[in-house]
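K.L.:
This is the structure I want to talk about, given as structure tokens.
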């Protein structure tokens, strides 16, 4: 239990970086399905927090986004190198990349010419502009 000024009785950690790094290292050496399941379980709360922070649920449902994040994370877990950063940073990059790519796919951008300058317009804010 962690204690702080706001939670003097203690709280459980939101994200256990050391445990995740151990599980990833175990998976990278052993390659077992139990480790993959543990990785998904350990990263779920942080992934949901980032999905909500980026407000990506405007484009896809929370469960669909979480499923996509799990898929990307499981494909990328072999690339994790603790010498380059923490598991927390690794997970955050995977989730943030997916949230940003989801937003880019779903946002239609068009440009208009005003006095010789190209100006991007968010088509979501102008219904009927793009069929």
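K.L.:
What nm distance separates the two modelled labels at residue 55 and residue 74, each placed 7 Å from Cα along Cα→Cβ?
P.N.:
Modelled inter-label distance: 3.2 nm.
K.L.:
Between residue 97 and residue 25, how many nm apart are label points set 7 Å from Cα along the C-beta direction?
P.N.:
Here the modelled spin labels are 2.3 nm apart.
K.L.:
Report the Stokes-Einstein translational diffusion coefficient (µm² s⁻¹, integer) for the range 17-109, Rh taken as the Kirkwood radius over Cα pairs, at 37 °C with viscosity 0.692 mPa s.
P.N.:
Working: Rh = 13.6 Å.
Rounded, D is 242 µm²/s.
K.L.:
Here's a follow-up. Using label points projected 7 Å from each Cα along Cα→Cβ, tell me how many nm separate residue 33 and residue 88, to one decimal.
P.N.:
3.3
Just so you know, all these numbers are worked out from the coordinates, no wet-lab data involved. The structure displayed is predicted, hence computed values, not measured ones. For neighbour counting, all protein chains shown are included, and Cβ atoms are generated from backbone atoms with ideal geometry for every residue, glycine included.
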